[in-house]
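Presented below is the structure to which this report refers.
The values are calculated or read from the model by the stated rules, or taken from the named source; none is laboratory data. It should be emphasised that the depicted structure is a prediction, and the values quoted were computed from it without experimental measurement. Positions of Cβ are generated from backbone atoms using ideal geometry, with glycine treated the same way; all protein chains shown enter the neighbour counts. All accessible areas refer to the heavy atoms of the entire protein, side chains included, with ligands and DNA or RNA removed. Shrake-Rupley method; radii C 1.70, N 1.55, O 1.52, S 1.80 Å.
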Amino acid sequence: MSFLHVILRQSNVSINTPPKQKMQLPRNWKVPEQEKLRQHLSLSEVLSLSQSCKAITNACIGEMFLPITWRSIGESENETMFISRRLYSVGENNVAEDLICTGCKLCGSPLDSVNGRLKSKQSSISFFCEKSADHSHVVSFIYRPFKLYVWDESEHLPLLVKNSAAEQLFGNINAERVYSSYREQSYNRNSDIKRVKKEGNENTSAISYPKVVLKDFVDNCWLEDACKSHESRSLQHNKNINFFLIWFILLKMLLLQGKNSPLKFEIAVNASIDAENGRFEMVSVSIPCFNNI
């Protein structure tokens, strides 16, 4: 027996002792599960989904519905919630005023106010952004959430559309550009009214012109900050492009009921909510590619 073996034996150290395995500590976090993606389902199949997932389907646009809850309206104005019925109305068309508001660009939540105070109907959760790392809203002009009713040969369903998805639907024209163009157009028309009145034209009082967007929220500090930041960015835009007119024409084209080809929609399904309250939310939209075999 070698001298080394004697020393190890006296020290009660086993030569063949395997190295101790490292202890695996339990994780104190949860690995997010990837949502299942179900492709090319019919709308009837999407309606029958009982678990939260994402689905891709082709469907045609039928109607765009904007529930007006931030201001009081009469029974005669209820039909103004159906956008297709407002696009060809005679006289003043202020659809942009209802579709655009101050809100968060990340989560698409409106931040409406009356006299500088949040409405009592809004939940306190509206103060926090679920899509921001620091839970702070990125305040700007956004498209107000609306419902897009789509249909195919099997069924129809309402899609909840928020700001980022609405931008895709409107040809990547964001609400800030539409608002800036609309406001400039309104300002020019109001300037023309003042000029004509100054020249003594008595018939100008019978002419109706669009109101200024979000006139009820001018005193809101959020709106003021959004205006200031937008003013500096708008200088970089081409002032010769009437984004409001382009957006308005595109809106008319999207709502040519029964005359448009189907679009490809990616839909997030939240099984814990019913259909009329946002069970189906539009994630993205594109033009489908049909392969002829």
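Among the numbered conditions (1) modelled with pLDDT under 90; (2) over 20 Å from the mean Cα position of the chain (by Cα); (3) assigned to a loop (DSSP other than H, G, I, E, B), the only one that GLN51 does not meet is (1).
Scanning the range 133-144 for residues that are open to solvent by 20 Å² or more (accessible area, probe 1.4 Å) and touching a Cys at 6+ places or on another chain (Cβ under 9 Å) turns up HIS135, SER136, HIS137, VAL138, VAL139.
Taken over the range 232-262, the residue count meeting the criterion of being of a type in the set (Gly, Ala, Ser) and either surrounded by 13 or more Cβ atoms within 10 Å (Cβ to Cβ) or at pLDDT 90 or above (or both) is 2. Residues of the range 97-115 that are within 29 Å of LEU251 (Cα to Cα) and modelled with pLDDT under 80: ASP112, SER113, VAL114. For the range 46-56, filtering for residues that are more than 21 Å from ILE287 (Cα to Cα) and open to solvent by 20 Å² or more (accessible area, probe 1.4 Å) leaves 5. Among the criteria (1) at pLDDT 90 or above; (2) closer than 30 Å to ARG86 by Cβ; (3) within 20 Å of the chain's Cα centre (by Cα), the one THR69 does not fulfil is (1).
May I ask you to verify whether LEU118 is open to solvent by less than 60 Å² (accessible area, probe 1.4 Å), among the hydrophobic types (A, V, I, L, M, F, W, C) and at pLDDT below 75? Here the answer is yes, as LEU118 does meet what is asked.
If you scan the range 57-107, which residues turn out to be part of a strand (DSSP E or B), in contact (Cβ under 8 Å) with a residue 60 or more places away in the chain, of a type outside the set (Ser, Thr, Tyr) and open to solvent by less than 30 Å² (accessible area, probe 1.4 Å)? Within the range 57-107, ALA59, CYS60, ILE61, GLY62, GLU63, MET64, ILE100, CYS101, GLY103 qualify.
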